[in-house]
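The values are calculated or read from the model by the stated rules, or taken from the named source; none is laboratory data. Quick caveat: nothing in here was measured; it's all calculated off a predicted structure. Neighbour counts run over all protein chains shown; Cβ positions are idealised from the backbone, glycine included.
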Amino acid sequence: MFTAVKNPCLVPFNGKFRLSEAKTLVKTTTDDKKYQKKLEKLVNDIDELQRRLYASDSYSILLVFQAMDAAGKDSTIRAVMSGVDPAGCEVFSFKQPNSEELDHDFLWRTAKSLPERGRIGIFNRSYYEEVLAVRVHPEYLDRQKLPFHVELEELWQQRYESIRDHEKHLARNGTVVLKFWLNVSHEEQRNRFLSRLDEPEKNWKFSPGDVEESRRWEDYMSAYEDLLNATSRPWAPWFAIPADDKPYARLQVAKIIVESMETLNLRYPEVSLKHLEEIKEMRKLLDRLA
């Protein structure tokens with residue numbers, strides 16, 4: 001079963017992660033051009049590893065991205081996965097659940113979008129919304145038609161347990177689960193909201209609801225700290241990525257993906273002697289047709 005790679009951004013598995021100690025910005029001396037070169041190299045590595053992943057057809061990769069609004073989830077996914085064959089990668093964005101999804105358990109809508117063997121699946125938001133947005137807004141539970149009354153604190157603990165069991169089941173069956181929390185500061189979020197207002201080409205990104213949610217910042221941070229501690233495990237690790245600097249965040253995400261995939265020792269299938277003989281015969285046939 002997959003085990004998390006070592007990285008400074010790795011959320012520990014002992015429940016001792018403290019959000020107040022997590023960095024949102026890492027000062028470096030690397031300029032943007034050097035960052036871009038490093039990112040391009042990592043993107044090429046991901047592309048090659050994905051080809052091996054597809055050919056070996058044993059593992060699948062699930063990348064989960066969670067963050068506050070304007071933290072850069074969309075742009076990070078786009079930048080890091082830009083070089084991967086679209087046939088081997090698919091992105092799912094999970095918004096407010098619809099009536100059909102509410103008629104099932106909270107893991108159902110994401111479970112039916114899991115990547116098959118040989119592919120990379122990306123969740124832009126995920127089942128973790130059930131212990132984030134729903135925790136901050138418990139009134140959302142009214143629409144979920146839960147059959148049993150459970151005290152809220154017990155409900156969150158039950159959902160953490162369900163998530164841990166779900167992710168361990170996936171890991172046991174060959175799905176590598178990597179989870180990225182893009183840790184943006186409240187001030188940087190504010191600046192990015194202002195840029196959406198000030199730049200006409202970004203106006204479409206702005207939603208008044210984003211500002212309303214930002215006013216609940218402390219509630220969300222408390223929910224994040226709890227879920228990171230409750231669900232970061234060796235087989236399904238969380239990485240708290242400093243996200244105030246987008247190039248740095250993208251580089252870290254790409255590096256973790258590459259290093260994690262490299263541990264799988266992915267190889268192209270060996271060709272049998274019989275198949276090699278068939279290849280020789282086909283080459284002779286094609287040469288005669290020339």
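Structure notes:
- Looking across the range 70-104 at every residue that is surrounded by fewer than 16 Cβ atoms within 10 Å (Cβ to Cβ) and of a type in the set (Lys, Arg), the one that is nearest to the chain's Cα centre (by Cα) is identified as Arg78.
- Test result for Asp105, of a type in the set (Asp, Glu), free of Cβ contacts under 8 Å to residues at least 60 places away in the same chain and not in a helix (DSSP H, G or I): yes
- In the range 78-101, the qualifying residues are those that are of a type outside the set (Ser, Thr, Tyr), in a helix (DSSP H, G or I) and out of contact with any Leu (no Cβ under 8 Å at 6 or more places or on another chain), and the one that is nearest to Val211 (Cα to Cα) is Arg78.
- Matching residues, the range 40-77, being among the hydroxyl-bearing types (Ser, Thr, Tyr) and part of a helix (DSSP H, G or I): Tyr54, Ser56, Ser75, Thr76
- Given (1) touching a residue at least 24 places away in the same chain (Cβ under 8 Å); (2) surrounded by fewer than 16 Cβ atoms within 10 Å (Cβ to Cβ), number of the condition Glu199 does not satisfy: (1)
- In the range 119-153, of all residues being assigned to a loop (DSSP other than H, G, I, E, B) and either among the hydrophobic types (A, V, I, L, M, F, W, C) or surrounded by 19 or more Cβ atoms within 10 Å (Cβ to Cβ) (or both), the one that is farthest from the chain's Cα centre (by Cα) corresponds to Phe148.
- Checking each residue in the range 159-201 for being outside any helix (DSSP H, G or I) and among the acidic types (Asp, Glu) picks out only Glu199.
- Applying the criterion of being farther than 16 Å from Phe65 by Cβ, among the hydrophobic types (A, V, I, L, M, F, W, C) and assigned to a helix (DSSP H, G or I) to the residues of the range 232-285, the residue that is modelled with the lowest pLDDT is Leu276.
- Residue tally, condition within 27 Å of Lys168 (Cα to Cα) and not aromatic (Phe, Trp, Tyr), over the range 65-97: 19
- Yes/no for Arg288 being touching a residue at least 12 places away in the same chain (Cβ under 8 Å), over 30 Å from Asn173 (Cβ atoms) and part of a helix (DSSP H, G or I): no
- Just one of the listed residues (Lys27, Lys6, Lys33, Lys41) is more than 16 Å from the chain's Cα centre (by Cα), without any contact (Cβ under 8 Å) to a residue 40 or more places away in the chain and under 26 Å from Ala230 (Cβ atoms), and it is Lys6.
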